[in-house]
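The values are calculated or read from the model by the stated rules, or taken from the named source; none is laboratory data. Predicted model only: the values in this text are computed from it and were never measured. Cβ placement follows ideal geometry from the backbone for every residue including glycine, while neighbour counts extend to all protein chains displayed. Surface accessibility is based on the protein's heavy atoms, side chains included, excluding ligands, DNA and RNA. Shrake-Rupley method; radii C 1.70, N 1.55, O 1.52, S 1.80 Å.
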Amino acid sequence: KNEVEQSPQNLTAQEGEFITINCSYSVGISALHWLQQHPGGGIVSLFMLSSGKKKHGRLIATINIQEKHSSLHITASHPRDSAVYICAVKSFGNEKLTFGTGTRLTIIP
Amino acid sequence: NAGVTQTPKFRVLKTGQSMTLLCAQDMNHEYMYWYRQDPGMGLRLIHYSVGEGTTAKGEVPDGYNVSRLKKQNFLLGLESAAPSQTSVYFCASSQGRLKSSYEQYFGPGTRLTVT
């Protein structure tokens, strides 16, 4: 079974700071999913990637398959970015995702 | 497109009662999933379906049953609720193997309390 670890568990930063959230996994994967969960509970898909880098607005996700590691970056962070960010991995030949426990991000104005 | 919807949003049950949670998606997705989310734990898969008429067990299936009679709907049943089933339940869907896309789209969640 793939073990997914996220760091840090909690992160508090000032508005405008550059944010990095990390995700490591133990077994080779076919894809990695970054999700955002706002207070109030809804879960939104941010990215799904299997190699390289993807960018959407101020969000950038990178993955290093050899090192079994992915990072989610937020540039020019804003209080509305405050949420829990969840990493999930899809193993080869498996329809299911394995989820990390999430990183709680708080951006202070 | 409504995306993925869940009914109800909140429910309080007494121990031993039964209920069904309904998930519906209008994206013509093949795969559907039911998860539970508990404090301090990642999302855990209860059951999933890779197509109409098919279901499979996930990581924590005990105490739950599911059915997928129509492609757009995935029902989660609790036959005899227990306090350990107090949780937030999320449904999700993805296009699946036919389109080689496993990006999952989530419903808004159902908060269930069993007393």
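Around B:Pro39, under 13 Å between beta carbons, what's the net of Lys plus Arg minus Asp minus Glu among the other residues?
It works out to a net charge of +3.
Put +1 on the Cβ of every Lys and Arg and -1 on every Asp and Glu Cβ in chain B; which of B:Leu69, B:Phe10, B:Gln37 then has its Cα farthest towards the positive end of the dipole?
The listed residue farthest towards the positive side: B:Phe10.
What list of ³J(HN,Hα) values in whole Hz, one per residue of the stretch B:46-62 in order, does the Karplus curve 6.51 cos²θ - 1.76 cosθ + 1.60 (θ = phi - 60°) give from phi, with Gly and Pro shown as x?
With the stated coefficients, the stretch B:46-62 comes to 8, 9, 8, 9, 9, x, 3, x, 10, 9, 8, 7, x, 7, 10, x, 5 Hz.
Report the net charge of residues surrounding A:Ala76, where surrounding means a beta-carbon distance below 13 angstrom and charges are Lys +1, Arg +1, Asp -1, Glu -1. Display every interim value, and only then the final one.
Numbers: positive: A:Arg58, A:Arg80; negative: A:Glu15, A:Glu17, A:Asp81.
Counting the neighbours of A:Ala76, the net charge comes to -1.
Can you flag which of A:Lys96/B:Lys71; A:Lys1/B:Lys57; A:Lys68/A:Lys96; A:Lys1/A:Lys96; A:Lys68/B:Lys57 are past 21 Å Cα-Cα?
Flagged as over cut-off: A:Lys68/B:Lys57.
B:Thr113 versus A:Asn10, label points 7 Å from Cα toward the beta carbon: distance in nm?
Label at B:Thr113, label at A:Asn10, 2.4 nm between them.
Once phi is turned into ³J(HN,Hα) by the Karplus curve 6.51 cos²θ - 1.76 cosθ + 1.60 with θ = phi - 60°, what whole-Hz value does each residue of the stretch A:43-55 show in order, with x for glycine and proline?
With the stated coefficients, the stretch A:43-55 comes to 10, 10, 6, 9, 8, 10, 9, 10, 6, x, 8, 9, 10 Hz.
Relative to the Cα centre, what is the charge dipole magnitude of the protein assembly as shown, using +1 at the beta carbon of each Lys and Arg, -1 at the beta carbon of each Asp and Glu, and rounding to the nearest 20 debye? Please list the in-between numbers first.
Values: 22 positive and 15 negative charges, 67 e Å.
In debye, rounded to 20, the protein assembly as shown gives about 320.
So for the stretch B:1-114, what are the equivalent ellipsoid semi-axes in whole Å, largest first, each being the square root of 5 times an eigenvalue of the Cα gyration tensor? Numbers along the way, then the final one.
Working: eigenvalues 106, 36, 35 Å².
Working through the eigenvalues yields semi-axes of 23, 13, 13 Å.
Can you tell me the accessible area per residue over the stretch B:1-81, all protein chains present, probe 1.4 angstrom, in square angstrom? Walk me through the intermediate numbers first.
Details: 4090 Å² over 81 residues.
With the other protein chains kept in place, the stretch B:1-81 gives 51 Å² per residue.
Report, by chain and number, residues whose modeled amide H sits under 5 Å from the one on B:Val66, excluding near sequence neighbours (fewer than 5 apart, same chain).
Those qualifying (amide H under 5 Å, at least 5 residues apart or on another chain) are B:Gly77.
With solvent modelled as a 1.4 Å probe, how much accessible area in total do chains B and A shield from it at their shared surface, in Å² to the nearest 100? Before the final figure, lay out the partial values.
Working: alone 6290 and 5970 Å², together 10750 Å².
Counting protein atoms only, the buried area is about 1500 Å².
Which aspartates and glutamates have a Cα less than 19 Å from the Cα of A:Lys90, not counting those fewer than 8 places away in the same chain?
Output for A:Lys90: A:Glu3, A:Glu5, A:Glu67, B:Glu30, B:Glu59, B:Glu103.
Quick one: grab the alpha carbon gyration tensor of chain A, order the square roots of its eigenvalues as a ≥ b ≥ c, and give me rounded if a/c is under 1.5, else prolate or oblate depending on whether a/b is larger than b/c.
On the way: a/c = 1.99, a/b = 1.69, b/c = 1.18.
In terms of gyration-tensor shape, prolate.
Karplus couplings for the stretch B:32-37 from phi (6.51 cos²θ - 1.76 cosθ + 1.60, θ = phi - 60°), rounded to Hz, Gly and Pro as x?
Couplings: 9, 9, 10, 10, 10, 10 Hz.
Per residue of A:46-56, how many C-beta atoms from partner chains lie within 10 Å of its own C-beta, taken as a mean?
On the way: counts 1, 1, 5, 1, 0, 0, 0, 0, 0, 0, 0.
Mean shielding by partner chains, rounded to a whole number: 1.
Using a 1.4 angstrom probe with every protein chain in place, what is the largest-first accessible-area order of B:Glu30, A:Glu5? Can you show the working numbers first?
Working: B:Glu30 45, A:Glu5 130 Å².
Output order, biggest surface exposure first: A:Glu5, B:Glu30.
Quick one: pull the percentage of alpha-carbon pairs in the protein assembly as shown with a separation above 30 Å. Don't skip to the answer; put the middle values down first.
Values: 5989 of 24976 pairs.
Roughly 24 percent, rounded to a whole number.
Considering every residue in B:40-53, what mean count of other chain Cβ atoms within 10 Å of its Cβ is obtained? Display every interim value, and only then the final one.
On the way: counts 3, 3, 11, 11, 2, 5, 0, 0, 3, 1, 1, 0, 0, 0.
Whole-number average of other-chain Cβ neighbours for B:40-53 is 3.
Counting Lys and Arg as +1 and Asp and Glu as -1, what is the net charge of the other residues whose Cβ lies under 9 Å from the Cβ of B:Arg111?
On the way: positive: B:Lys9, B:Arg11; negative: none.
Net of charged neighbours comes to +2.
So, for chain A, what is the accessible surface per residue at a probe of 1.4 Å, expressed in square angstrom?
Values: 5180 Å² over 109 residues.
Per residue, chain A has 48 Å² of solvent-accessible surface.
Going by a 1.4 Å probe on protein heavy atoms, which residues of the stretch A:77-107 end up with at least 20 Å² less accessible surface in the whole assembly than in their chain alone?
A:Lys90, A:Glu95, A:Lys96, A:Leu97, A:Phe99, A:Thr101
Heavy atoms only, probe 1.4 Å: what % of the accessible area of the protein assembly as shown goes to carbon and sulfur, would you let me know?
Numbers: 5410 of 10750 Å².
Of all accessible area on the protein assembly as shown, carbon and sulfur atoms account for 50 percent.
Size of the dipole of chain B about the Cα centre, Lys and Arg at +1 and Asp and Glu at -1 on the beta carbon, nothing else charged, in debye to 20? Walk me through the numbers before you get to the answer.
Values: 12 positive and 8 negative charges, 31 e Å.
That gives a dipole near 140 debye.
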